[in-house]
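Heads up: the structure comes next, in structure tokens.
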């Protein structure tokens, strides 16, 4: 997975850009991808697809000393991602309105922040704290930003693994954020590996992997198929999975959907350190789009955020933990598998079930109590995962039990 991240890292992956398209082409070497192209200017609900952003050069020079303060060629993150063009000489007071030097978490005074005013366009540069402190407040500065906005196409990469039914599970990983490795190439790499593994397994749901720009990509995707969303039963938004931190699962908007418990139980089953929070309680990504009341598709966010290098030039492949990537891969696979196996059982037996006769007396607490009560809670309405949630029961134990009873024709 780290090799995938290293291959995708060197591109300027702005929302609509040549770098984003190059990254999509590399992903297509690992998975069969259908490219969905949406033209600049296309309205998507209250949003609009932006123009294609191209950078030729960008420099910031102290006019008095001739010192080169920042150069896009030395570090592309010196320039606002999506910056407008600008040529001119400005005072420090004017320049300061267009500078960013504060980082979210990093205490490293040499860290250059990553800034992207996509939806409130402006020109500007990013400097480290140390670079910013060296600026002479009495000098004037020569600004040269040679960029162009042109008509282009937002690209969505779609890889579909067909199941036995038309019911769908979406797995979404955003590909944008130039020169950021953990955010979000780590999740892109995990999604690729999960897709490769699922291919060889028998599944009920159709699994649809989407690789797209964050926010606007999901908005555009939903807008395109707004009349054909009913088959989507769950969405996993995976974002930042490459740092050593606990797994964070943020629930669906209603907080009650069985997808939430499938995630929680999968974390416990794998013995992963984890935290379960409410919808967008700490952070957020494209789950916002799918949980919208007018769309109403249950979506969770799975991440290992936060981390010190977040949104700085220090978020590069060297900080990625192979162990964290592997934990992410195992978890996403298990969640998909558990949710995919879920069904609504219907009892075919009468009276207490003699579990010992069929090998399901475990002589363990609380498992035996849970198995006993499981049979009482089958009502033809609740699914296996929903029953497991009410009993605080391991989802895999519940699914294994229910599937075995189904094979024995004790359940429909």
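The values are calculated or read from the model by the stated rules, or taken from the named source; none is laboratory data. Everything quoted here is computed from the prediction, not taken from an experiment. Cβ coordinates were reconstructed from backbone atoms using ideal geometry, including for glycine residues, and neighbour counts include every protein chain displayed.
Check whether at least one residue in region 37-45 is over 23 Å from residue 127 (Cβ atoms), in the same structural domain as residue 306 (by TED's automatic domain parsing) and out of contact with any strand residue (DSSP E or B) (no Cβ under 9 Å at 6 or more places or on another chain), and report yes or no.
Just the residues of region 37-45 that are over 23 Å from residue 127 (Cβ atoms), to begin with: 37-45.
Narrowing the set further to residues that are in the same structural domain as residue 306 (by TED's automatic domain parsing) leaves 37-45.
Filter once more, so that each one left must be out of contact with any strand residue (DSSP E or B) (no Cβ under 9 Å at 6 or more places or on another chain): 43, 45.
Yes, region 37-45 contains at least one residue that is over 23 Å from residue 127 (Cβ atoms), in the same structural domain as residue 306 (by TED's automatic domain parsing) and out of contact with any strand residue (DSSP E or B) (no Cβ under 9 Å at 6 or more places or on another chain).
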State whether the residues of region 307-327 include one that is closer than 23 Å to residue 394 by Cβ, crowded, with 18+ Cβ neighbours inside 10 Å and modelled with pLDDT of 95 or more. yes
Condition first: assigned to a strand (DSSP E or B), under 21 Å from residue 331 (Cα atoms) and over 15 Å from the mean Cα position of the chain (by Cα). Can you find one or more residues in region 276-288 that meet it? yes
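One line per residue, one yes/no per condition, for (1) part of a loop (DSSP other than H, G, I, E, B); (2) over 29 Å from the mean Cα position of the chain (by Cα):
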residue	(1), (2)
345	yes, yes
349	yes, yes
362	yes, yes
374	no, yes
389	no, no
Any idea which of (1) outside any loop (DSSP other than H, G, I, E, B); (2) touching a strand residue (DSSP E or B) at 6+ places or on another chain (Cβ under 6 Å) is the one residue 214 doesn't satisfy? (1)
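Within region 241-276, can you find the residues that are at negative phi and without any contact (Cβ under 8 Å) to a residue 12 or more places away in the chain? Reasoning before the result, please.
Filtering region 241-276 for residues at negative phi gives 241-254, 256-270, 272-276.
Scanning region 241-276 gives a single hit, 256.
How many residues does region 376-387 contain that are part of a loop (DSSP other than H, G, I, E, B) and either surrounded by fewer than 15 Cβ atoms within 10 Å (Cβ to Cβ) or in contact with a strand residue (DSSP E or B) (Cβ under 8 Å, 6 or more places away or on another chain) (or both)?
Narrowing region 376-387 to residues part of a loop (DSSP other than H, G, I, E, B): 378-383.
Of the ones still in play, those that are also either surrounded by fewer than 15 Cβ atoms within 10 Å (Cβ to Cβ) or in contact with a strand residue (DSSP E or B) (Cβ under 8 Å, 6 or more places away or on another chain) (or both) are 378-381.
Within region 376-387, residues that are part of a loop (DSSP other than H, G, I, E, B) and either surrounded by fewer than 15 Cβ atoms within 10 Å (Cβ to Cβ) or in contact with a strand residue (DSSP E or B) (Cβ under 8 Å, 6 or more places away or on another chain) (or both) number 4.
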Residue 400 fails exactly one of (1) in a loop (DSSP other than H, G, I, E, B); (2) at negative phi, namely (1)
